[in-house]
Amino acid sequence: DIQMTQSPSSLSASVGDRVTITCRASQNIRNYLNWFQQKPGKAPTLLIYAASSLQSGVPSRFGGSHSGTEFTLTITSLQPEDFATYYCQQSYNFPYTFGQGTKLEI
Amino acid sequence: QVTLKESGPVLVKPTETLTLTCSVSGFSLNSPRMGVSWIRQPPGKALEWLAHIFSTDEKMYSTSLQSRLTISQDTSKSHVVLSMTNMDPMDTATYYCARKVIYLDGGDFLGDAFDIWGQGTMVTVSS
């Protein structure tokens, strides 16, 4: 199985900050990497697919990039509603695997 | 509007079999670019992918749980069913179903992702 390692596991930031979350795959997954946001008690929602494509309806302050097996989710100018937990997930092959999550706190 | 909704027991006993149903609307399980997965999340922990079924009825399973899982679909009823045998307290979790769609760019495959999720159903395993 492909292992997805996210860092950091938690992150403190303020409204207006720029933050970066990293996800590293244990092998080449090309650009088949998705990012999700999850708020307490709610189902995850898709932010980014194929490493850098913004899902419809997602604000443009969210962005994704990658280099090799390292993937990055960047949020520019944090808004209050962005404080949540973020997960990466590889869709390169089955079994699909998720990162362990990054909790973004105020 | 695309929706998925999970249903099933709230409480199961150890060694019992769990059966969950995902009822979908707004899309067809027969659509070639669609599929449905089950994903779970123990309280306070990360997401774990469990199983997937394609529109062709091909099935894929978690490596560690494949001996206990069965996924099936009834396209006429727009249901996807997950069965998990020999339940254990460690299987206590919120279970989600999610639609997987394929993204294309002029016929070129871009990737695929879980674009719509159900609300989840919490299952507790306890005697």
If the Cβ limit is 6 Å and pairs must be 6+ apart or interchain, which residue in region B:102-126 that is within 9 Å of chain A (Cβ to nearest Cβ) pairs with which residue that is among the acidic types (Asp, Glu)? B:Gly118/B:Glu6
Only one of (1) open to solvent by less than 50 Å² (accessible area, probe 1.4 Å); (2) within 22 Å of A:Ala43 (Cβ to Cβ) is not met by B:Pro43, so which one is it? (1)
Residue list for region B:60-93, restricted to those being assigned to a helix (DSSP H, G or I) and crowded, with 18+ Cβ neighbours inside 10 Å: B:Asp91
All but one of (1) more than 20 Å from B:Thr3 (Cβ to Cβ); (2) open to solvent by less than 40 Å² (accessible area, probe 1.4 Å) hold for B:Thr56, so report the exception by its number. (2)
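Here's the yes/no breakdown for (1) in contact with a His (Cβ under 6 Å, 6 or more places away or on another chain); (2) closer than 24 Å to B:Cys97 by Cβ; (3) within 14 Å of chain B (Cβ to nearest Cβ):
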residue: A:Ser9; (1), (2), (3): no, no, yes
residue: A:Ser12; (1), (2), (3): no, no, no
residue: A:Arg18; (1), (2), (3): no, no, no
residue: A:Arg24; (1), (2), (3): no, no, no
residue: A:Asn28; (1), (2), (3): no, no, no
residue: A:Asn34; (1), (2), (3): no, yes, yes
residue: A:Gly41; (1), (2), (3): no, yes, yes
residue: A:Pro44; (1), (2), (3): no, yes, yes
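Answer yes or no as to whether A:Thr69 is among the hydroxyl-bearing types (Ser, Thr, Tyr), within 12 Å of chain B (Cβ to nearest Cβ) and closer than 26 Å to B:Met60 by Cβ.
No.
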Of the conditions (1) within 16 Å of B:Arg99 (Cβ to Cβ); (2) open to solvent by 40 Å² or more (accessible area, probe 1.4 Å), B:Phe27 fails just one. Which one is it? (2)
Being open to solvent by 20 Å² or more (accessible area, probe 1.4 Å) and within 30 Å of B:Thr63 (Cβ to Cβ) is the filter; apply it to region A:48-63 and report the residue that is nearest to the other protein chains (Cβ to nearest Cβ). A:Tyr49
If a residue must be assigned to a loop (DSSP other than H, G, I, E, B), surrounded by fewer than 13 Cβ atoms within 10 Å (Cβ to Cβ) and under 16 Å from the mean Cα position of the chain (by Cα), how many such residues does region A:10-39 contain? 1
Selection within region A:74-104 - in contact with a strand residue (DSSP E or B) (Cβ under 8 Å, 6 or more places away or on another chain) and away from every other protein chain (no Cβ under 14 Å): A:Thr74, A:Ile75, A:Thr76, A:Leu78, A:Asp82, A:Phe83, A:Leu104
Go through (1) closer than 17 Å to A:Thr45 by Cα; (2) open to solvent by 20 Å² or more (accessible area, probe 1.4 Å); (3) within 13 Å of another protein chain (Cβ to nearest Cβ) for B:Gln1 and report which single condition fails. (3)
Out of region A:83-104, which residues are out of contact with any Gly (no Cβ under 7 Å at 6 or more places or on another chain), open to solvent by less than 60 Å² (accessible area, probe 1.4 Å) and either part of a loop (DSSP other than H, G, I, E, B) or charged (D, E, K, R) (or both)? A:Phe83, A:Ala84, A:Asn93, A:Phe94, A:Pro95, A:Tyr96, A:Gly99, A:Gly101
Residues located in region A:66-82, provided they are part of a loop (DSSP other than H, G, I, E, B) and surrounded by fewer than 17 Cβ atoms within 10 Å (Cβ to Cβ): A:Gly68, A:Thr76, A:Ser77, A:Gln79
Single residue of B:Ser62, B:Ser72, B:Ser83 found to be away from chain A (no Cβ under 14 Å), among the small types (Gly, Ala, Ser), closer than 20 Å to B:Thr17 by Cβ and in contact with an Asp or Glu (Cβ under 9 Å, 6 or more places away or on another chain): B:Ser72
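The values are calculated or read from the model by the stated rules, or taken from the named source; none is laboratory data. Note that this is a predicted model, so its numbers are computed, not measured. Cβ sites come from the backbone with ideal geometry, for glycine too, and all protein chains shown count toward neighbours. For accessibility, only protein heavy atoms count, side chains too; no ligands or nucleic acids. Shrake-Rupley method; radii C 1.70, N 1.55, O 1.52, S 1.80 Å.
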